[in-house]
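The values are calculated or read from the model by the stated rules, or taken from the named source; none is laboratory data. All of these numbers come straight from a predicted model, not from anything done at the bench. Positions of Cβ are generated from backbone atoms using ideal geometry, with glycine treated the same way; all protein chains shown enter the neighbour counts. Only protein heavy atoms, including side chains, enter the accessible area calculation; ligands, DNA and RNA are left aside. Shrake-Rupley method; radii C 1.70, N 1.55, O 1.52, S 1.80 Å.
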Amino acid sequence: MASGVGPSSQWLPAGNWTTILEFLNDQYPGVANETWMLRMAKGEVVDETGQPLNPESCYRAGACIFYYRELENETPVPFSESIVYQDEHLLVVDKPHFLAVVPAGRFLRETLLVRLRMQGQPDSLAPVHRLDRETAGLVLFSRNPETRANFTALFRERKVEKVYEALARTPCNAEGLDYPLTRRSRIVPGEPFFRMQEVPGRANAESVIELIGIDDGVARFRLRPLTGKKHQLRVHMAAIGCPILNDRLYPDDAFVPYSDREDDFAKPLKLLARSVAFTDPITGEERVFESERRLALDR
């Protein structure tokens with residue numbers, strides 16, 4: 001680890017490159033040659049044995065190299081996470097909106113995983129399920145690699161009861177539906193690739209949607225996803241005519257391409273992972289954790 005960030009890896013394919021530096025410049029044209037040379041000078045490009053590589057290091061097909069990437073001008077997320085619970089095996093964290101769970105793409109140090117490692121959590125810390133960057137609420141992490149599979153199995157086998165809350169602007173279909181309702185549909189990747197869509201066919205996504213109440217032109221919902229497809233709740237809420245407030249992906253007329261958007265920290269997606277409940281696979285205890293966050297009507 002380097003400041004809480006793990007390395008990226010790259011297997012070296014067969015090719016005519018003479019040095020590893022030549023390969024990196026060819027493979028990653030968006031990264032300047034000077035950047036790779038600086039990383040090498042700092043010992044941030046190594047082989048599979050941990051041996052630092054330099055600009056003259058020979059290319060060897062079939063080898064694996066590791067490097068630490070950096071992002072210039074990464075935008076700070078001005079909200080803090082809080083720890084709800086931890087023991088030897090499990091860490092439960094209350095995540096704010098806009099904070100990615102793990103490094104990916106344009107998010108590196110401003111991610112929940114890196115923040116937690118920098119606060120003293122073990123380098124082996126890893127999330128055991130997914131939560132969208134734009135969604136706030138509870139995220140579970142494994143603190144012990146030896147028992148990690150026990151917790152990931154809970155989500156894979158659908159043994160975790162998850163409850164979300166969401167807000168939708170009225171007028172929408174909130175008043176005209178019979179609650180609680182169950183939305184079942186087939187959700188697959190759409191266009192562009194990061195958007196999901198409903199298509200005809202056998203259902204692979206199921207959500208229970210309950211209207212809690214309507215206040216000052218905003219409807220509050222309780223959502224229970226019975227499956228775990230990407231963006232499932234956002235897609236299902238848009239499909240019933242009640243898109244989640246401040247959602248810029250769904251429905252179609254609200255879509256804003258990533259290339260044209262910047263985070264508006266004053267307008268978070270009004271979706272919150274409120275609670276999780278499950279039987280602890282290590283101790284056999286019944287666990288129930290709740291977020292302390294609230295979806296404010298005035299934001």
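Specify the residue that is modelled with the lowest pLDDT; the eligible residues are those in region 151-176 that are open to solvent by less than 20 Å² (accessible area, probe 1.4 Å) and farther than 30 Å from residue 91 by Cβ. That would be 174.
The numbered conditions (1) in contact with a Leu (Cβ under 9 Å, 6 or more places away or on another chain); (2) at pLDDT below 95 are all true for residue 225 except (2). The set of residues in region 92-139 being more than 25 Å from residue 9 (Cβ to Cβ) and outside any loop (DSSP other than H, G, I, E, B) consists of 92, 93, 94, 95, 136, 137, 138. Restricting region 82-95 to residues that are surrounded by 15 or more Cβ atoms within 10 Å (Cβ to Cβ) and touching a helix residue (DSSP H, G or I) at 6+ places or on another chain (Cβ under 9 Å), the residue that is farthest from residue 281 (Cα to Cα) is 95.
Which residue, of 249, 272, is surrounded by 20 or more Cβ atoms within 10 Å (Cβ to Cβ), more than 20 Å from residue 191 (Cα to Cα) and either modelled with pLDDT of 95 or more or not basic (Lys, Arg) (or both)? Quick ask: steps written out before the conclusion?
Values: 249 fails: more than 20 Å from residue 191 (Cα to Cα).
Only one candidate passes the filter, namely 272.
Taken over region 73-86, the criterion of being free of Cβ contacts under 8 Å to residues at least 24 places away in the same chain and part of a loop (DSSP other than H, G, I, E, B) is satisfied by 73, 80. Contact map, region 96-110: first residue in contact (Cβ under 8 Å) with a residue 12 or more places away in the chain, second residue outside any loop (DSSP other than H, G, I, E, B) and open to solvent by 30 Å² or more (accessible area, probe 1.4 Å), Cβ cut-off under 7 Å, separation 6 or more or different chains; pairs are 100/107; 101/127; 102/127.
Taking residue 39 as the residue in question, decide whether it is open to solvent by less than 40 Å² (accessible area, probe 1.4 Å), touching a strand residue (DSSP E or B) at 6+ places or on another chain (Cβ under 8 Å) and either under 30 Å from residue 287 (Cβ atoms) or of a type in the set (Lys, Arg) (or both). Spelling it out, residue 39 is indeed open to solvent by less than 40 Å² (accessible area, probe 1.4 Å), touching a strand residue (DSSP E or B) at 6+ places or on another chain (Cβ under 8 Å) and either under 30 Å from residue 287 (Cβ atoms) or of a type in the set (Lys, Arg) (or both).
Screening residue 242 with (1) in contact (Cβ under 8 Å) with a residue 60 or more places away in the chain; (2) in contact with a Lys or Arg (Cβ under 9 Å, 6 or more places away or on another chain); (3) open to solvent by 20 Å² or more (accessible area, probe 1.4 Å); (4) of a type in the set (A, V, I, L, M, F, W, C) gives one miss only, at (3).
Tell me, yes or no, whether region 63-71 has at least one residue that is open to solvent by less than 20 Å² (accessible area, probe 1.4 Å) and of a type in the set (Gly, Ala, Ser). Before the answer, list the steps.
Of all residues in region 63-71, those open to solvent by less than 20 Å² (accessible area, probe 1.4 Å) come to 63-65.
Among the residues that remain, those that are also of a type in the set (Gly, Ala, Ser) are: 63.
Yes: one or more hits.
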